[in-house]
Amino acid sequence: MIGGNDSEMKQTVKDLFAECPVEEIVNYIMDIDDKDESEREELTADYSAFVKKLSEREPVDTGYIMLGILYGDGGKAEKETCLYNKKELLENTDRDSEIGKLTFEEVDKLSDEETDRLAVVYPVSKNHAYEYVLWDEILGYEVLSDNIKEFGLIPFVSEIAYKMTYFGFDEDELAEIREAFQITMGEIDKANALPEDERDKVIFTADRAAASFSFQDNRPFEEKERERILTAKKAIKDKIIEYNTVMRFIDEI
């Protein structure tokens, strides 16, 4: 149960699925995905079968941990269950980062130069995507009771369920998608290793995409630059929230 003590075994994602009613998962997913009420019956059947299947699976320990991050005001659109490699998180997190010392008000007052500098500062080990990960591995991810209390059990489990089933409930189809994704990422890695002039020819950048669709952003440079800086400041604020969340729970890992 949520709220145990240090002497208890570490909780995993599989433990959480056993605690969360399917109806609550369906309610949450219908809300965040703006589903019509007519879809409820089919979704309930799909997720009931999905959760039952998970209950019969054996979790795999891969050394990863999940933390729920409450961005912004904590609204559903700003809740995220993030995945971290525990070793990377412990070894690579800057426990004295300048990011963690900033307030939102200070971010709003940053110069453009300071905004650009801080936008590429990453005090926390990167979080990993898990939409394509084997279900047995996801079930074995460690979770922290105190973090789940803060984030909410139903949102935590529902966010994971939503990502696990983003490409459907058929594991054979998911395996094909996973293989295609891995091939694509391999090609991107090869492209990124090329010299810059060659790399630009093969990577489909946002500018090239816009050009291919005959879309041109004709706004004045000052307007585009202002939007860029505002986006960068939002990203810095998100990093502050992620950093502070990690620092609150890092000693429990």
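The values are calculated or read from the model by the stated rules, or taken from the named source; none is laboratory data. Quick caveat, the model's predicted, so the values are computed rather than measured. Positions of Cβ are generated from backbone atoms using ideal geometry, with glycine treated the same way; all protein chains shown enter the neighbour counts.
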Whichever residue in region 232-251 is crowded, with 16+ Cβ neighbours inside 10 Å and of a type outside the set (A, V, I, L, M, F, W, C) and, among such residues, is farthest from E91 (Cα to Cα): K233
Criterion violated by D108 - all others in (1) loosely packed, with under 15 Cβ neighbours inside 10 Å; (2) touching a Ser or Thr at 6+ places or on another chain (Cβ under 9 Å) satisfied: (2)
Residue among A49, A45, A18 that is part of a helix (DSSP H, G or I), without any contact (Cβ under 8 Å) to a residue 24 or more places away in the chain and not hydroxyl-bearing (S, T, Y): A45
Elements of type helices (runs of 4 or more DSSP H) contained in region 115-166, each with 2 or more residues being of a type in the set (G, A, S): 153-164
Where a residue in region 94-114 is closer than 17 Å to S125 by Cβ and in contact (Cβ under 8 Å) with a residue 60 or more places away in the chain and its partner, wherever it lies, is part of a helix (DSSP H, G or I) and of a type in the set (F, W, Y), with Cβ under 9 Å and at least six apart: S97/Y243; I99/Y243; G100/Y243
Region 53-90, residues that are among the charged types (D, E, K, R) and either at pLDDT below 95 or surrounded by 13 or more Cβ atoms within 10 Å (Cβ to Cβ) (or both): R57, D73, K76, E78, K79, E80, K86, E88
Meets criteria (of a type in the set (D, E, K, R), in contact with a Phe, Trp or Tyr (Cβ under 9 Å, 6 or more places away or on another chain) and not in a loop (DSSP other than H, G, I, E, B)) for E106: no
Single unsatisfied condition, E222 versus (1) assigned to a helix (DSSP H, G or I); (2) at pLDDT 85 or above; (3) surrounded by 12 or more Cβ atoms within 10 Å (Cβ to Cβ); (4) not aliphatic (A, V, I, L, M): (3)
Count - residues of region 52-89 that are closer than 16 Å to K163 by Cβ, among the small types (G, A, S) and outside any helix (DSSP H, G or I): 1
Only listed residue being modelled with pLDDT of 95 or more and either among the basic types (K, R) or surrounded by fewer than 17 Cβ atoms within 10 Å (Cβ to Cβ) (or both), chosen from D136, D170, D189: D136
Some residue of region 147-166 being exposed (fewer than 14 other Cβ atoms within 10 Å of the Cβ) and either aromatic (F, W, Y) or touching a Ser or Thr at 6+ places or on another chain (Cβ under 9 Å) (or both): yes
